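The values are calculated or read from the model by the stated rules, or taken from the named source; none is laboratory data. What you see is a predicted model; the values in this text were computed from it and never measured. A quick note on method: Cβ atoms are made from the backbone with ideal geometry, for glycine too, and the neighbour counts reach across all protein chains shown. Side chains included, ligands, DNA and RNA excluded: accessible areas come from the protein's heavy atoms. Shrake-Rupley method; radii C 1.70, N 1.55, O 1.52, S 1.80 Å.
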Amino acid sequence: MLERCLNGASEQDEAKAEIIELANSRGISLNELKEVIKQLREKFNKTVKAFEKCVQEVKNDELTILYFVRCCFLVKELIDEFWDFFLDNNGTKAFRKITEALVRLYREVKSQAVSANPQTDEIYILTDALKHSLQSIIRAALRVNALSQEEINALDLGDITPQESETMLIFLSTRKRWESVYKRLAES
């Protein structure tokens with residue numbers, strides 16, 4: 001089949017060749033690749049639902065930081081696990097757009113940071129969660145040649161090394177909600 005694809009390839013043959021190449025690059029069989037694609041679809045749907053929830057909360061003016069943090073880590077997980085599915089031209093364009101969107105969001109959120117105590121500041125939590133996603137998307141964009149190192153340097157993001165782990169950011173994002181419970185427990 002691969003020989004036929006090389007000699008007189010149709011669009012279907014090219015798609016089959018790309019699928020076989022993807023399976024080979026991952027060192028898995030086509031059946032295993034089907035399972036990986038199923039996992040990708042499930043994680044993608046989970047990420048989309050989380051973003052829809054965030055958008056709905058923003059519209060209702062009740063965005064919880066926890067959902068935003070979860071979205072950032074779902075994006076990071078999706079990119080870290082499945083970046084090699086985007087090695088074609090469409091994937092390159094997608095990585096460029098996602099990178100641009102995350103950079104704009106990061107700059108916007110970071111511009112609002114003014115707290116004296118960063119660990120209690122919601123902006124600090126949002127910024128650090130975005131740093132996790134930014135690092136993943138930039139690494140993947142370099143791998144798929146969506147962006148060059150010069151283009152990334154030109155973004156002038158400064159240090160985007162996250163200061164907190166995912167677990168800590170989730171804790172910090174829920175702390176405000178539980179403060180009243182902690183106070184009542186301490187008083188009793």
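Per-residue extension of 0.36 nm, minus the Cα-Cα distance of ARG143 and PHE85, leaves a gain of 19.7 nm for this segment.
By a straight-distance test (C-alpha under 24 Å), which lysines pair with LYS43 as possible cross-link partners, with residues fewer than eight away in the same chain excluded? The reachable lysines, counting only those whose Cα sits under 24 Å from LYS43, are LYS16, LYS34, LYS53, LYS76, LYS93, LYS97, LYS131. Note on GLU52 and GLU32: the model spin-label points, each 7 Å out from Cα along the C-beta direction, lie 3.3 nm apart. Per residue, region 12-70 exposes 73 Å² of solvent-accessible protein surface, assessed with a 1.4 angstrom probe and all protein chains in place. Put a dot 7 Å past the Cα of LYS93, heading toward its Cβ, do the same for MET168, and the two dots end up 4.0 nm apart. Ignoring aspartates and glutamates fewer than eight residues from LYS110 along the same chain, the ones with Cα atoms less than 17 angstrom from its Cα are GLU100, ASP121, GLU122, ASP128, ASP156, ASP159, GLU164. FRET efficiency for the pair SER10 and GLU100, taken as 1/(1 + (r/R0)^6) with r the Cβ-Cβ distance and R0 = 25 Å, rounds to 0.15.
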